[in-house]
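Below: one structure, written as structure tokens.
The values are calculated or read from the model by the stated rules, or taken from the named source; none is laboratory data. These figures come from a predicted structure and were not determined experimentally. Cβ coordinates were reconstructed from backbone atoms using ideal geometry, including for glycine residues, and neighbour counts include every protein chain displayed. These area figures cover heavy atoms from the full protein model, side chains too; ligands, DNA and RNA do not enter into them. Shrake-Rupley method; radii C 1.70, N 1.55, O 1.52, S 1.80 Å.
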Amino acid sequence: MVDTDTRLPGKRCASCQVSTLEAVNYCPNGCGATVVDTSFSPEGTVYASTTIHVPAPNLSSPYRVAYVDLADGPRVFGHLATSEAVELGSAVRVIRHERPVDQAGPYVRFQFVAAGSAEGETR
Amino acid sequence: MSDVLAWVAGVGCTPFVHASTDTFEELGQRAIASAIDEADIAIKDVDAFFCGTGYGGPLAGQRIAGGMGLSGRKIVNMENACSSGSTALELAMEAVVAGRARTIVVLGIDKLSALGKGALPLSQDDPEVQQGMIMPAVYSMRAQRYLHETGADESDLVAVAVKARRNGAANPIAKMRTTVSEDEVLASRMISDPLRLLMCCPRADGAAAVVITSTPPPAGRGRVGIRALALSAGRFTSGYRDMTRSKLSEQLVAEAYQQASLGPKDLQMAEVHDAFAIAELMYYESIGLAEPGQGWRLIRSGETAVDGRVAVNPGGGLIGRGHPVGATGIAQLCEAYWQITGQAEGRQVADVRNALLHCTGGGIAGFDHGACSVTILSAA
């Protein structure tokens, strides 16, 4: 079921409209205005990706990462959910995860699945 | 040409090695002693000591200065990731130009063997590092886009690595003193595709020092001066940025050319920040040797070899020399100094009058680069 819960939370500057997925307190553009809550569509396109072969705690090895440009503007870094090749510019949907409790080190905060796929919803 | 901003009176550089048997302090002292000896000055005449280090820890400069009589004066420690050494140089140059000091020792140093194995540790507060981002991956994604958008292919990344190792093999202070073949580069293990191990700069321990003065060295010695130095941070953005092009580098290169009243045609050599092979192709474009998207043509044509049109990284660059983070910016200056004064045996570039040094520092989300420094060094 697609509802507002699938939108990604973030912040937006009330003046210059620059937006980000991070919980910032100040306008990232330096315009000094108030930042307000906002949310973004989880739809985006892959800008670049790579497979990292250097092992990291808590992550599978190798692990696949990418930059995705959201339709609503911000660029997000995260993990590709598929082991198949991903074309630059391909459409993906972004799923956000909380940090697992009591886990330090890297974790999968943003996961990218092919747009229209059901993959990843029960993770 | 413009006036010299500050003079290079002497340089000193330790060998860059995998794990030095020297302590951090001993490494720094060696480089400084060598520079002071070449500059033929007394320690008591040094007005200030600026120390650039990425991972050296608190009071790094003081820990080095104490045991060699360099304490008891202005000592400043600077960190700008891989641009730490260049940053220390820039602030020293500003102090000399402002008339606040006549003689400054600038040191770049890092002992990365103290940090353990693997990729360099980055800030754990960074949202991308929190998800497992590492520096090679940033450049791998640059490479993927660059290969996708331009006529470059994997062989160009290989060619950069082969050139770096060929030049480094002739550099007595380089960590990597053997050449590698194209096959060896392609057989090296994958770090993050398309970057293989031999396309990435190796970690190292090392220190490089320079004595900067407000007046030229005595007549009868090669005179080398700084004609331009531009330093800035990148601009943070949460949205789209073109990862195949360093606008920050272009901006600072333009400033430096303007300061020096020179252009790319006036260069005989450049040292650029080849932390990963793709970076060198991008920076050919940043420094004006090629149009955007065309840098890969220069490695194919041989124009950037030691005997080419403009020698790029004749000292081996980061890939051949190794990259003790804070030391690199000053090691680039040492190479240019040796080239200008005809001391670069086995890799000598002909008749170097002007050298451009380009050093970047990165590793945090949302930035083209965290810092970038561009210096123009000239025979004067």
Using helices alone, I'd like the mean residue ellipticity at 222 nm for chain B: each DSSP H run of four-plus residues gives -39500 (n - 2.57), total over residue count, nearest 500. -9500 deg cm²/dmol
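Could you work out Rg/(2.2 N^0.38 Å) for segment B:227-380, with Rg from alpha carbons only?
Details: Rg = 14.5 Å, N = 154, 2.2 N^0.38 = 14.9 Å.
The reported ratio for this selection is 0.97.
Express the Stokes-Einstein translational diffusion coefficient of chain B in µm² s⁻¹, to the nearest whole number, given a Kirkwood radius over alpha-carbon pairs, 37 °C and a viscosity of 0.692 mPa s.
Value of D from the Cα-based Kirkwood radius: 162 µm²/s.
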Using +1 on the beta carbon of Lys and Arg, -1 on that of Asp and Glu, and nothing else charged, what's the dipole of segment B:26-93 about the Cα centre, debye to 20? 260
Segment B:172-187 scanned against label point 7 Å out from B:Met68 along Cα→C-beta; backbone N under 20 Å for B:172-175
Quantify how strongly other chains surround peptide B:365-371 by giving the mean number of their Cβ atoms within 10 Å of each of its Cβ atoms. 1
Averaged across B:193-206, how many Cβ atoms of other chains sit within 10 Å of each residue's Cβ atom? 1
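What does the charge add up to near B:Arg166, with Lys and Arg as +1, Asp and Glu as -1, over the other residues with Cβ less than 13 Å from its Cβ?
+2
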To the nearest 20 debye, what charge dipole does chain A have about its Cα centre, counting +1 at the Cβ of each Lys and Arg and -1 at the Cβ of each Asp and Glu? 280
Cα-projected label distance for A:Ala71 with B:Ile43, points at 7 Å along beta-carbon direction, nm: 6.8
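What accessible area per residue comes out for chain B, rounded to a whole number of Å², with a 1.4 Å probe?
Numbers: 13390 Å² over 380 residues.
Accessible surface, normalised per residue, equals 35 Å².
Mind checking the dipole of chain B: about its Cα centre, +1 per Lys or Arg Cβ, -1 per Asp or Glu Cβ, Debye to the nearest 20? Could you put the intermediate results ahead of the total?
Values: 33 positive and 40 negative charges, 86 e Å.
Dipole magnitude for chain B comes out near 420 debye.
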Which number comes out as Rg/Rh for segment A:6-45 once both Rg and the Kirkwood Rh are worked out on C-alpha atoms? 0.99
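How large is the translational diffusion coefficient of segment B:291-380 in µm² per second when you combine the Kirkwood radius over alpha carbon pairs with Stokes-Einstein at 37 °C and 0.692 mPa s? If you can, show how the numbers build up before the last one.
Details: Rh = 14.3 Å.
Estimated via Stokes-Einstein, D reaches 229 µm²/s.
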Count the DSSP beta bridges whose two residues both fall in segment B:220-375, then state the antiparallel fraction as a percent rounded to the nearest 5. 65
Whole-Hz couplings from phi, Karplus 6.51/-1.76/1.60, listed for segment A:22-36; x for Gly and Pro: 8, 7, 6, 9, 10, 5, x, 8, x, 8, x, 7, 5, 9, 10
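Add +1 for every Lys or Arg and -1 for every Asp or Glu among the other residues with Cβ under 13 Å from the Cβ of B:Gly329, and state the total.
Numbers: positive: B:Arg321; negative: B:Glu79, B:Glu90, B:Asp110, B:Glu271, B:Glu335.
Charge balance near B:Gly329 sits at -4.
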Which whole-number percent gives the relative contact order of segment B:64-114, counting Cα pairs below 8 Å spaced six or more residues apart? 27
Partner lysines for B:Lys163 [C-alpha distance under 20 Å; skip if fewer than 8 residues away on the same chain]: B:Lys175
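Would you kindly state how much longer the chain becomes between B:Thr179 and B:Val76 on full extension, computed as 0.36 nm times their sequence separation minus their alpha carbon distance, in nm to one decimal? Please list the in-between numbers first.
Values: separation 103, 0.36 × 103 = 37.08 nm, distance 3.83 nm.
Using 0.36 nm per residue and subtracting the Cα-Cα distance, I get 33.2 nm.
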For chain B the mean separation of alpha carbon contacts under 8 Å (6+ apart) over residue count, i.e. relative contact order in percent, is 27
Please give, to one decimal in nm, the separation of the simple spin-label points placed at B:Ala219 and B:Asp3, each 7 Å out from Cα toward the Cβ. 2.1
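Give, to the nearest whole percent, the P(r) tail of chain A beyond 25 angstrom, counting all Cα pairs. Display every interim value, and only then the final one.
Values: 2198 of 7503 pairs.
The calculated P(r) of chain A puts 29 percent of pairs beyond 25 Å.
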Summing Lys, Arg as +1 and Asp, Glu as -1, what charge do residues with Cβ under 15 Å from the Cβ of B:Arg241 carry, B:Arg241 excluded? 0
Please list, or write none, the lysines whose alpha carbon is within less than 27 Å of the alpha carbon of B:Lys74, excluding same-chain residues fewer than 8 places away. B:Lys44, B:Lys111
Projecting the Cα atoms of B:Ile364, B:Gly67, B:Phe50 onto the charge dipole of chain B, where Lys and Arg contribute +1 and Asp and Glu -1 at Cβ, the residue farthest towards the positive end is B:Gly67
Accessible surface of B:Ser261 in the full protein assembly, 1.4 angstrom probe, to the nearest 10 Å²? 80
Could you calculate, for the protein assembly as shown, the ratio of the Cα radius of gyration to the Kirkwood radius, expressed as Rg to Rh? 0.99
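Based on the Cβ-Cβ distance of A:Ala14 and B:Glu94, what FRET efficiency does E = 1/(1 + (r/R0)^6) give at R0 = 60 Å, to the nearest 0.05? Intermediate values should be presented prior to the final figure.
Details: r = 38 Å, r/R0 = 0.64.
Using R0 = 60 Å, I get an efficiency of 0.95.
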